[in-house]
Amino acid sequence: MKLLIALIIFFSVFVNAETLKVGIKPSEPWVIYDKNITEEDRKPIGFSIDLWNKIAQNLGVETKWVYFNSTSDLVNATKNNQIDVGISAITITSSREKDIDFSSSMYELGLQVMVDAKKSSASVLELMAKEINKMMTLKTIIIFFLFLLITIHLRWFVDKRDNNSTLFSKNYFSGIIDAFWWGITMLVTWETPLSKGLARVIDLMWHIVGIIAISILTAIVTAALTAQAISGSIRSEKDLAGKYVAVIATDAPRKYVEKIGSNIVPVKTLSEAISLLRNGKVDAVVHDGPRLVYLANKINKLEKKKVLLVTKFTFNPQNYGIVFPSRSQLKEPINRILLQLREPDGLDKSFHEKLKDKWLKSN
């Protein structure tokens, strides 16, 4: 009898459990499913799917997946109360917040840059030119020439007082010109007639200055080469200026990349962007970092070699959130659950950290 009552209670709860319509769109590794099979047979997986299933379990609700092809379609459906919740890889923005409500952040990220592995390295000469250009500020040039003028005048004056020396002309203008070429030559060589006394000291000190300058330049170029070996020729978002960059036409990152000074190549999908990159039509692809890393790892694994690289640096920090129709009663309880899922379980990792380990492997 007790067993019968328990079964009746169980089935009554199951039957009466609220079913929420949850909107999703494909966005690896957040939401993954085969679009070639019917919606009834689809079994979506991914970071966002696992996260929502845990939230639904805590809420005690059932889920009916509603499929969309784009974030804008999903957001519009949320705005028009066609779905109860939307989850995928939806960036929290002020413009979207005008029409819908967002949960607290479900994931924090930034934009990253994908490049072709074969074309990610600049030549040594290009690097040297770039680093020298960085060093040659107006202040540096003025200081160098002031130091050079003082040195060549001192060296000419010492030589003029030595009646046995014929290194420089005794005439001021001709002598200073001779001393100028001496100064340039002595920075990198020791090609000067045998000198003695104070002249010898000046020659030696000026040559040491040259050695130090060359050592500094060598160290800077070596550091740049090392950094390039690690992260490629694009080492910050500033390096995107003037380059052809593929971005999703309707995504928030496009406006940011335009401000950098890049030549924008708008695309409809990341697959299209990656195809342009591999065919040499663009220099880079900019998108949400975790998705670029996931796709690069996937393609490199299929190709059995590293054909795509994703830069280590991130920029333009963003947050992903769950979307609700305005004034939804689900927002507060889901926010509380999101906070709970970030809390460690004793010595064990939090559910959120476990999801990151499962779906968001490093590049």
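Derivation of every value follows stated rules applied to the coordinates shown; laboratory data play no part. Just so it is clear, the model here is predicted, and its values are computed rather than measured. When we count neighbours, we look across all protein chains shown, and the Cβ atoms used for this are built from the backbone with ideal geometry, even at glycine.
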Report task. Restricting to the chain, compute how many DSSP beta bridges are antiparallel as a %, nearest 5. Result -> 55 percent
Requested in this report: Could you work out, for the chain, what percent of all Cα-Cα pairs fall into each 20 Å distance bin, beginning at 0 Å and stopping at the bin that holds the largest distance?
Outcome: 22, 36, 21, 14, 6, 1, 0
Query - Ascending count of other beta-carbon atoms within 10 Å, so fewest first, for 95, 236 - result: 95, 236
Report task. Just list whichever of 119/298; 54/349; 98/268 have alpha carbons separated by over 22 Å in the model shown. Result -> 98/268
Query raised in the report: Can you work out the FRET efficiency for the pair residue 144 and residue 238, with r the C-beta to C-beta distance and R0 = 25 Å, to the nearest 0.05?
Result: 0.45
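Please give the length that would be gained between residue 177 and residue 129 if that part of the chain were fully extended, namely 0.36 nm times their separation in residues minus their C-alpha to C-alpha distance (nm, one decimal).
14.5 nm
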Query raised in the report: When a footprinting reagent is the concern and you count Cβ atoms within 10 Å, what order do 277, 339 take, fewest first?
Result: 339, 277
**Report entry** Nitroxide proxy distance, nm - points 7 Å out along Cα→Cβ at residue 41 and residue 72
**Finding:** 3.2 nm
Query raised in the report: By counting other Cβ atoms within 10 Å of each Cβ, how are 162, 283 ranked from fewest to most?
Result: 162, 283
Report task. Identify all aspartates and glutamates with a Cα-Cα distance to residue 238 below 12 Å; exclude those on the same chain that are fewer than 8 residues away in sequence. Result -> 258
**Report entry** Separation of the residue 219 and residue 57 label points, Cα + 7 Å toward Cβ, nm
**Finding:** 5.6 nm
Query raised in the report: Between residue 326 and residues 5 or more places away or on another chain, which pairs have amide H atoms under 5 Å apart, with H built 1.01 Å from N, and which residues are they?
Result: 101
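For the chain, what does the helix formula give at 222 nm: sum of -39500 (n - 2.57) over DSSP H segments with n ≥ 4, over the residue count, nearest 500 deg cm²/dmol?
Numbers: 13 runs with 181 residues, N = 363.
-16000 deg cm²/dmol, from helical runs alone.
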